[in-house]
1. Please work out if B:S71 is at pLDDT below 95 and either away from every other protein chain (no Cβ under 11 Å) or farther than 12 Å from B:Y32 by Cα (or both).
2. Residues of the stretch A:59-114 being within 30 Å of B:G29 (Cα to Cα), within 11 Å of the chain's Cα centre (by Cα) and charged (D, E, K, R), which ones?
3. Only one of B:D82, B:D31 is surrounded by 16 or more Cβ atoms within 10 Å (Cβ to Cβ), acidic (D, E), within 12 Å of another protein chain (Cβ to nearest Cβ) and touching a residue at least 24 places away in the same chain (Cβ under 8 Å). Can you tell me which?
4. Taking the stretch A:36-45 as the search range and keeping residues that are touching a Ser or Thr at 6+ places or on another chain (Cβ under 8 Å) and in contact (Cβ under 8 Å) with a residue 40 or more places away in the chain, which one is surrounded by the fewest Cβ atoms within 10 Å (Cβ to Cβ)?
5. Only one of these conditions is not met by B:S25: (1) at pLDDT 90 or above; (2) closer than 30 Å to A:Q3 by Cβ; (3) among the polar types (S, T, N, Q); (4) more than 12 Å from the chain's Cα centre (by Cα). Which number is it?
6. Given the conditions (1) touching a Ser or Thr at 6+ places or on another chain (Cβ under 9 Å); (2) within 13 Å of another protein chain (Cβ to nearest Cβ); (3) buried (at least 21 other Cβ atoms within 10 Å of the Cβ), report the number of the one that B:R37 does not fulfil.
7. Which of the residues spanning the stretch A:95-114 are modelled with pLDDT under 90 and either over 30 Å from B:V55 (Cα atoms) or crowded, with 21+ Cβ neighbours inside 10 Å (or both)?
Amino acid sequence: EAQVTQNPRYLITVTGKKLTVTCSQNMNHEYMSWYRQDPGLGLRQIYYSMNVEVTDKGDVPEGYKVSRKEKRNFPLILESPSPNQTSLYFCASSLMAGAGNTIYFGEGSWLTVV
Amino acid sequence: DAKTTQPNSMESNEEEPVHLPCNHSTISGTDYIHWYRQLPSQGPEYVIHGLTSNVNNRMASLAIAEDRKSSTLILHRATLRDAAVYYCILSQGGSEKLVFGKGTKLTVNP
């Protein structure tokens, strides 16, 4: 079954404590991305990756890092989380970007920073 | 970046057709138009996409204006399970960025 798997699904953490949200896809997709969703703002892209070792900023990259060492994994790293990063995060993947390909989303990770 | 504009909310009755509009007046020639929907507490799921011609699939139809500056998602017979937020998205050729609209919250009345 085609899947995008995120972990953890729910996390409460404290300001400044580094955390990583993992994302894995089993479809051999080249393109992966991270979004955050906040009330009234819809989904906003944080970072995206065209392929292994190729990443670029989306619309709201501040405070986040990503890496793409393997094709299937695209972790989102918060080096020093702050309360304004409390949000619902989605990982997504598609065969390629910008070519009318279907995007598959994970189930979401609820992150609370206190 | 090309943006999309959608109404904040729409309401429909069960088993009636629903037309969800999206404006994308700055769309470029290589941008695909995608529609996704998001049910409560779930990730967005694919509905339909197109480039220039109208498209049909088992879930919905997509009508694209001749000048491509607007499109309409058509649900032929709304069900209670279609109640969701519907996003109109442009996938931009070249920049590889996905631009989400704010979405339309569809309420389906029994």
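The values are calculated or read from the model by the stated rules, or taken from the named source; none is laboratory data. Owing to the predicted nature of the structure, the values given are computational and were not obtained by experimental measurement. When we count neighbours, we look across all protein chains shown, and the Cβ atoms used for this are built from the backbone with ideal geometry, even at glycine.
1. On the way: at pLDDT below 95: no; either away from every other protein chain (no Cβ under 11 Å) or farther than 12 Å from B:Y32 by Cα (or both): yes.
No.
2. none
3. Details: B:D82 fails: within 12 Å of another protein chain (Cβ to nearest Cβ).
Testing whether each residue is surrounded by 16 or more Cβ atoms within 10 Å (Cβ to Cβ), acidic (D, E), within 12 Å of another protein chain (Cβ to nearest Cβ) and touching a residue at least 24 places away in the same chain (Cβ under 8 Å) leaves just B:D31.
4. Looking only at the stretch A:36-45, we keep the residues that are touching a Ser or Thr at 6+ places or on another chain (Cβ under 8 Å), and these are A:36-38, A:45.
Imposing the further condition that a residue be in contact (Cβ under 8 Å) with a residue 40 or more places away in the chain reduces the set to A:36-38.
Working: A:R36: 22, A:Q37: 18, A:D38: 13.
Taking the candidates together, the pick is A:D38.
5. (2)
6. With (1) touching a Ser or Thr at 6+ places or on another chain (Cβ under 9 Å); (2) within 13 Å of another protein chain (Cβ to nearest Cβ); (3) buried (at least 21 other Cβ atoms within 10 Å of the Cβ) applied to B:R37, the lone miss is (1).
7. Kept after step one, since they are modelled with pLDDT under 90, are these residues of the stretch A:95-114: A:95-103.
A:A97, A:I103 - these are the residues of the stretch A:95-114 that are modelled with pLDDT under 90 and either over 30 Å from B:V55 (Cα atoms) or crowded, with 21+ Cβ neighbours inside 10 Å (or both).
One line per residue, one yes/no per condition, for (1) among the polar types (S, T, N, Q); (2) surrounded by 13 or more Cβ atoms within 10 Å (Cβ to Cβ):
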| residue | (1), (2) |
| --- | --- |
| A:V4 | no, yes |
| A:T15 | yes, no |
| A:W34 | no, yes |
| A:S49 | yes, yes |
| A:E53 | no, no |
| A:E62 | no, no |
| A:S67 | yes, yes |
| A:T86 | yes, yes |
